[in-house]
């Protein structure tokens, strides 16, 4: 499997390690992302704001893990932010979307290992779910059809 040059560059700089894909993992991870999106929709419809946010955030994490598996790389400890931005570009996210993901991740990194997520605004929660809804199909097209449409910069 040929990877984009940006992945190869970060492997050489030791942001990623190469690791062959585990059979069936990309499909399972992509399905997990889809399941988290479905959970978000149910929780959101029930006005369960923080559980809905958590479902969407975990769904995006599963989407990133899907792409790491597909590209046969694993981020090195403490390189998650850089690794996710590579995936954002690989999926075709525009600059504003990439910045949103980066800010969202950076805001939650200090607490996510030790406690609950900090609160998020309803607008942030909806925006996160919209990204997940938009880029699950993009990942699918990339992995199974081998192409992505050109997306305009915002």
Answer yes or no as to whether residue 65 is over 17 Å from residue 106 (Cβ atoms) and crowded, with 17+ Cβ neighbours inside 10 Å.
yes
Does any residue of segment 76-83 turn out to be farther than 21 Å from residue 14 by Cβ and either assigned to a helix (DSSP H, G or I) or in contact (Cβ under 8 Å) with a residue 12 or more places away in the chain (or both)?
no
Does segment 39-49 include one or more residues that are farther than 26 Å from residue 71 by Cα, at pLDDT below 90 and part of a helix (DSSP H, G or I)?
yes
Looking at (1) modelled with pLDDT under 80; (2) within 14 Å of the chain's Cα centre (by Cα), can you tell me which one residue 107 breaks?
(2)
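The values are calculated or read from the model by the stated rules, or taken from the named source; none is laboratory data. Because the structure is a prediction, the values reported are computed rather than measured. No Cβ is skipped: glycine too gets one built from the backbone with ideal geometry, and neighbour counts run over all protein chains shown.
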